Amino acid sequence: MNSIVTPFFADLMLWLMYIMIGAALLVSGYSVWHGLRTRRKGDDIINGVPAGRIGWCVAIGFVLLLVVTFLLGSSKPIVTNGERFTDVFWLKTTDMFIYTSILLIIGCFVSAIVSRFRS
């Protein structure tokens, strides 16, 4: 017997997941854009820290990190649950999210350690 049984609401849940991911990306992008555009010129430097420049650098750096990790992602086909996946775009996208998440978590730990021991 070689049939695959799928749950009754699997397609509905997948589409709901796609819609929620798309909405989260749109809201996140709008929030970054709106926050950086509505900042007043007097708010650029807070307590001697160039907050406006840091905000733009973080936003641009995040997009660059996504692009670089996508380009470095593997396109080698994989077999999962007996099914072969060969779509290059989704293989690279999956690696992009994994690598970006790992690098951001490492960055959080490093920044926490540096800020802890900084005078």
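How many residues, within the stretch 63-75, are open to solvent by less than 90 Å² (accessible area, probe 1.4 Å) and under 29 Å from Arg37 (Cα atoms)?
7
Give the residue that is least open to solvent (accessible area, probe 1.4 Å), with candidates limited to residues of the stretch 81-95 that are assigned to a helix (DSSP H, G or I) and without any contact (Cβ under 8 Å) to a residue 12 or more places away in the chain.
Phe89
Counting just the residues of the stretch 28-61 that are open to solvent by 100 Å² or more (accessible area, probe 1.4 Å) and either closer than 21 Å to Leu104 by Cβ or among the acidic types (Asp, Glu) (or both), which one comes out modelled with the highest pLDDT?
So, considering only residues that are open to solvent by 100 Å² or more (accessible area, probe 1.4 Å) and either closer than 21 Å to Leu104 by Cβ or among the acidic types (Asp, Glu) (or both), the one modelled with the highest pLDDT is Tyr30.
Considering (1) of a type outside the set (Val, Ile, Thr); (2) at pLDDT below 80; (3) surrounded by 11 or more Cβ atoms within 10 Å (Cβ to Cβ); (4) within 30 Å of Thr80 (Cβ to Cβ), say which one Ala10 fails and leave the rest.
(3)
Kindly indicate which of Ile78, Ile102 is modelled with pLDDT under 95 and surrounded by 11 or more Cβ atoms within 10 Å (Cβ to Cβ).
Ile78
The values are calculated or read from the model by the stated rules, or taken from the named source; none is laboratory data. Values in this document were obtained by computation on a predicted structure and should not be read as measured data. A quick note on method: Cβ atoms are made from the backbone with ideal geometry, for glycine too, and the neighbour counts reach across all protein chains shown. Note: accessible area is taken over every heavy atom of the protein model, side chains too, but ligands, DNA and RNA are not part of it. Shrake-Rupley method; radii C 1.70, N 1.55, O 1.52, S 1.80 Å.
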